[in-house]
Amino acid sequence: MKSHAARRLSTPLGSLWFSSFSERMRQRLAPWSFVGAAVVALTGCVAGEVEGGGGEVESLGEDAAAQVVCAAGPTVEGIDVSYWQQHVDWQAVADAGIQFAIARVSHGTRDTFFDANWAGIKAAGLVRGAYQYYLADHDPLEQAELMIEAIGTLQDGDLPPVIDIESHEGQDRETILAGLRLWLDRVEGALGRKPIIYTGKYFWQDFVASDEFVDHPLWIPNYSNDCPNLPNGTWSDWTFFQYSSTGSVPGISGNVDRNHFNGSLEMLHAFAQNRPALAAEFVSQSFPYASQGALKLRAGEVVEASIELRNVGSRAWDTGTYLAATEPRGRESVFTGPEWPSASRFAAVEGKVMPGESYRFTFALHAPSMPGVYDEFFGLVQVDGAGERWFSDAGQGGPPDDQLEGIFEVLPALPGDPVEPGEPVTPEERPRDDGEYLGTSGLCAARPGTSPGTAGAWLLVAMGTLVAGRRRRR
């Protein structure tokens, strides 16, 4: 971001100018356009300091014009600031009609004005955000930790965190991609929001060249066009557009970056609403509640069960989201089977479950050979590059470890019943406690020691006593 961040003071101005723009200027640009870019860069900086690359200036050729995307409706005005704006009168900024502001956290080292800006933006009633100028030759996780520590917990009215990636620092594409993945995974896992990516068209095309991150909101700089020119073959739309590095706003001395949010003020406030990253809400289950009595099954019997939960967090569930045993966490279940992900995890999400969507975890319960009454507790755990995080952890949205419970009474196997896998049993064949046979329609079970059958839609896919809360009997 040109107008507010610095390279090292010892770096010659000429090399700064070259590193900021030579990567972006294609040979097809006319010489006068290249010179014009340098002029814009210098006028937008303080004391000759340039932060590499943002705000690309270009002539739109036939190919480039195809990537120009204008806002479909209203936009909202905002700014971004750093050390270079020094002391900001945030109330004057708000009174001037600015609705959001994004403050720099660091450029290698922490921005000495971040804390004042972060607090001042909030106090003035503006939607606030934070960005980090990413250095490709620095440790990505160390940079991520600095970002996480500076922001703390996102509050309502805070934008998702931003990574400003616009210079390669002499690194190749593979190194840049690997570091970007690590940073994004770590920050999203810790703060619970999918980070915004700030980048320029030509930097992204030349040094990243990937559509892997298009599910992240895009913040695009482009100073010479009314509508931004997006990287080829990647995003189809933008969330923020930095349209000037030489803006003027009451409350700020000198130039400041000006930005549009792509949407209405109501949409901006909705975008800045924050929920726990990991949260689930009980929807339904395929078996009776605990108030109807414990599930009775024979030693070695196998039944299918399912629990449906809704994603009410801010991040998607994926193949790293597990329904797992709790009380205690990581406990190996006596009902484990060979198809489980592990002895402590009943099932995993297949595909992705976006916020607001529901997912049915389906699993087989293998009755142990030892008769008795067993309590099974269920919870959700997310396992990814950020480590292992439980939905019941502090700061997440639950459910608690003791909320989803199953009570199972395992009876001795009948004389002659095998305890090894065998043929499925139909509802009419399932033995009753007294040795007779049950005729309960909708029951899907297997002969003790067998796997559940798939003979017809009339088979019930569970017979359990899971409850949403040991103390909450329905």
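Just so you know, all these numbers are worked out from the coordinates, no wet-lab data involved. Everything quoted here is computed from the prediction, not taken from an experiment. Because the Cβ atoms are built from the backbone with ideal geometry, glycine has one as well, and the counts that use them run over all protein chains shown.
Given H placed on each backbone N at 1.01 Å, which residues far from GLU409 in sequence or on other chains put an amide H within less than 5 Å of it?
LEU295, LYS296, LEU297, TYR374
Which percent of Cα-Cα pairs in the range 113-232 sits in each 10 Å bin, short to long?
13, 43, 33, 11, 0
Going by how many other Cβ atoms sit within 10 Å of their own, how do TYR131, TYR289 line up, fewest first? Write down the numbers at each step before the final one.
Values: TYR131 26, TYR289 15.
Ascending number of Cβ neighbours within 10 Å: TYR289, TYR131.
Starting from the amide H of SER333, placed 1.01 Å from N in the peptide plane, find each other amide H under 5 Å away whose residue is 5 or more places distant or on another chain.
The answer is SER344.
Sorted by packing (mean other beta-carbon atoms within 10 Å per residue), highest first, where do 245-255, 160-170 land? Show your work: numbers first, answer last.
Working: 245-255: 17.4, 160-170: 22.5.
Ranked by mean Cβ neighbours within 10 Å, highest first: 160-170, 245-255.
In debye, nearest 20, what is the charge dipole magnitude of the range 243-378 about its Cα centre with +1 on Lys and Arg Cβ and -1 on Asp and Glu Cβ, if you could check?
Numbers: 11 positive and 14 negative charges, 39 e Å.
That gives the range 243-378 a dipole magnitude of about 180 debye.
Can you work out the Karplus-derived ³J(HN,Hα) for every residue in the range 335-340? Use 6.51 cos²θ - 1.76 cosθ + 1.60 with θ = phi - 60°, whole Hz, and x for glycine or proline.
Per-residue couplings from phi come out as 9, 4, x, x, 8, 6 Hz.
Return the long-range amide H neighbours of ILE196 (sequence gap of 5 or more, or a different chain), with a cut-off of under 5 Å between placed amide H atoms.
VAL162, ILE163
With 10 angstrom as the radius, rank MET147, MET267, MET370 by how many other C-beta atoms surround their C-beta, starting from the fewest.
Details: MET147 25, MET267 14, MET370 10.
Placing the least packed residue first, the sequence is MET370, MET267, MET147.
Residue by residue, what Karplus-based ³J(HN,Hα) values in Hz, rounded to whole numbers, does the range 308-321 have, using 6.51, -1.76 and 1.60 with θ = phi - 60° and x for Gly and Pro?
Once θ is set to phi - 60°, the couplings for the range 308-321 become 9, 10, 9, 7, 10, x, 9, 10, 6, 8, 9, 5, x, 9 Hz.
Report the one residue of THR199, GLY108, GLN86 whose Cα lies farthest in the direction of the positive end of the charge dipole of the range 72-216 (charges on C-beta: Lys and Arg +1, Asp and Glu -1; origin at the Cα centre).
GLN86
Sorting PHE213, PHE408 on the 10 Å Cβ count, fewest up front, what's the list? Spell out each step's value before the answer.
Working: PHE213 21, PHE408 24.
Result, fewest neighbours first: PHE213, PHE408.
Taking the simple approach of a point 7 Å from Cα along Cα-to-Cβ for both MET370 and SER284, what is their distance in nm?
Distance between the two pseudo-spin positions: 3.7 nm.
With all pairs of different alpha carbon atoms counted, what Kirkwood hydrodynamic radius in Å does the range 228-384 show? Present the calculation step by step, with values, prior to reporting the outcome.
Details: mean 1/r = 0.0507 Å⁻¹.
In the range 228-384 this quantity evaluates to 19.7 Å.
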